[in-house]
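Please read the structure below before turning to the comments.
The values are calculated or read from the model by the stated rules, or taken from the named source; none is laboratory data. Not measured: the values here are computed from a predicted model. Cβ: placed from backbone, ideal geometry, glycine included. Neighbour counts: every protein chain shown. The area values use the complete protein model at the heavy-atom level, side chains included, leaving out ligands, DNA and RNA. Shrake-Rupley method; radii C 1.70, N 1.55, O 1.52, S 1.80 Å.
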Amino acid sequence: MERNPFVLHVATLLRSPGSREHRIVSGRIDDLRVGTTAVGDHSKVSADLVLESVHGGILATGEVRACWVGECRRCLARASGEVRAFVRELFEPQPATDSVYPLTGEDLDVEPLARDAILLDLPLAPLCRQDCRGLCAACGSDLNEEACSCAEGAVDWRWAALDALKP
Ligand SMILES: [Zn+2]
Ligand SMILES: [Zn+2]
């Protein structure tokens, strides 16, 4: 079985409280999805962390990154971008609260930390670009590609209604 890249051996750190180690890890994490936005199947999540030995636990501080793809909320075209989430989380052998991650023996599994950070920061309703003009609500034209005449058309419809009353 392939070794999980997110599981870090921290025996040396635990033996010397106050010490630190810089670790960079990356690998695949399944099911990172919010709505239509997801980290692609072949896209890796990376974590750049400083691990600090504190009172029998480990404090992990750093950045978690991943590329995502999704659907533009205005024009439905492909949208993509990168999540860069700042993290500062504590790991303890017996977590007393939900906000602390578990530390199993001398192994620190940072995958749950990376997963939570990415899920929290994935854009639920992304844009393909900041000034996306979207689709016309009346005719469905992609206004990034072409201008439609629906705005002028709105005036014409009134006349069309009057015309319809004529015998
Ligand atoms: Zn768009
Ligand atoms: Zn239109």
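Search the range 133-147 for residues that are in contact (Cβ under 8 Å) with a residue 12 or more places away in the chain and pair each with any residue that is in a loop (DSSP other than H, G, I, E, B) and near ligand 2 (Cβ under 7 Å from one of its atoms) when their beta-carbon atoms are under 7 Å apart and the residues are at least 6 apart or on different chains.
Final answer for the pair search is LEU135/SER141; CYS136/CYS148; LEU143/CYS136.
Looking only at the range 126-151, filter to residues that are away from ligand 2 (no atom under 16 Å from the Cβ) and open to solvent by 40 Å² or more (accessible area, probe 1.4 Å); which one of those is farthest from the chain's Cα centre (by Cα)?
So the residue we want is ASP131.
Of the residues that make up the range 6-25, is at least one hydrophobic (A, V, I, L, M, F, W, C) and closer than 15 Å to ALA125 by Cα?
Scanning the range 6-25, I find no residue that is hydrophobic (A, V, I, L, M, F, W, C) and closer than 15 Å to ALA125 by Cα, so the answer is no.
Here's the yes/no breakdown for (1) surrounded by 15 or more Cβ atoms within 10 Å (Cβ to Cβ); (2) at pLDDT 95 or above; (3) among the charged types (D, E, K, R):
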| position | (1), (2), (3) |
| --- | --- |
| ARG23 | yes, yes, yes |
| GLY27 | yes, yes, no |
| ASP31 | no, no, yes |
| GLY40 | no, no, no |
| ALA60 | yes, yes, no |
| TRP68 | yes, yes, no |
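Quick check on LEU76: is it among the aliphatic types (A, V, I, L, M) and open to solvent by 20 Å² or more (accessible area, probe 1.4 Å)?
Yes.
Can you find even one residue in the range 85-100 that is within 16 Å of ligand 1 (Cβ to nearest atom), of a type in the set (A, V, I, L, M) and within 30 Å of GLN130 (Cα to Cα)?
No, every residue in the range 85-100 fails to be within 16 Å of ligand 1 (Cβ to nearest atom), of a type in the set (A, V, I, L, M) and within 30 Å of GLN130 (Cα to Cα).
Based on this model, can you work out whether PHE91 counts as aromatic (Phe, Trp, Tyr), open to solvent by 70 Å² or more (accessible area, probe 1.4 Å) and on the phi < 0 side of the Ramachandran plot? Show your work before the answer.
On the way: aromatic (Phe, Trp, Tyr): yes; open to solvent by 70 Å² or more (accessible area, probe 1.4 Å): no; on the phi < 0 side of the Ramachandran plot: yes.
Considered against the rule, which asks whether it is aromatic (Phe, Trp, Tyr), open to solvent by 70 Å² or more (accessible area, probe 1.4 Å) and on the phi < 0 side of the Ramachandran plot, PHE91 comes out as no.
May I ask you to list pairs of residues, at least six apart or on different chains, whose Cβ atoms are under 9 Å apart, with the first in the range 71-93 being touching a residue at least 60 places away in the same chain (Cβ under 8 Å) and the second being open to solvent by 100 Å² or more (accessible area, probe 1.4 Å) and in a strand (DSSP E or B)?
If the second residue must be open to solvent by 100 Å² or more (accessible area, probe 1.4 Å) and in a strand (DSSP E or B), the pairs left are CYS72/ARG78.
Only one of VAL50, VAL64 is modelled with pLDDT of 95 or more and buried (at least 17 other Cβ atoms within 10 Å of the Cβ); which?
Answer to the selection: VAL64.
Report, by residue number, each residue of the range 100-125 that is surrounded by fewer than 19 Cβ atoms within 10 Å (Cβ to Cβ) and farther than 21 Å from LEU32 by Cβ.
VAL100, THR104, GLY105, GLU106, ASP107
For the range 119-151: of the residues being of a type in the set (Gly, Ala, Ser) and out of contact with any Cys (no Cβ under 7 Å at 6 or more places or on another chain), which is farthest from ligand 1 (Cβ to nearest atom)?
Looking at residues that are of a type in the set (Gly, Ala, Ser) and out of contact with any Cys (no Cβ under 7 Å at 6 or more places or on another chain), I get SER149.
Quick check: anything in the range 12-19 under 18 Å from the mean Cα position of the chain (by Cα), open to solvent by 50 Å² or more (accessible area, probe 1.4 Å) and assigned by TED's automatic domain parsing to the domain that holds ALA117?
No - not one qualifying residue is present in the range 12-19.
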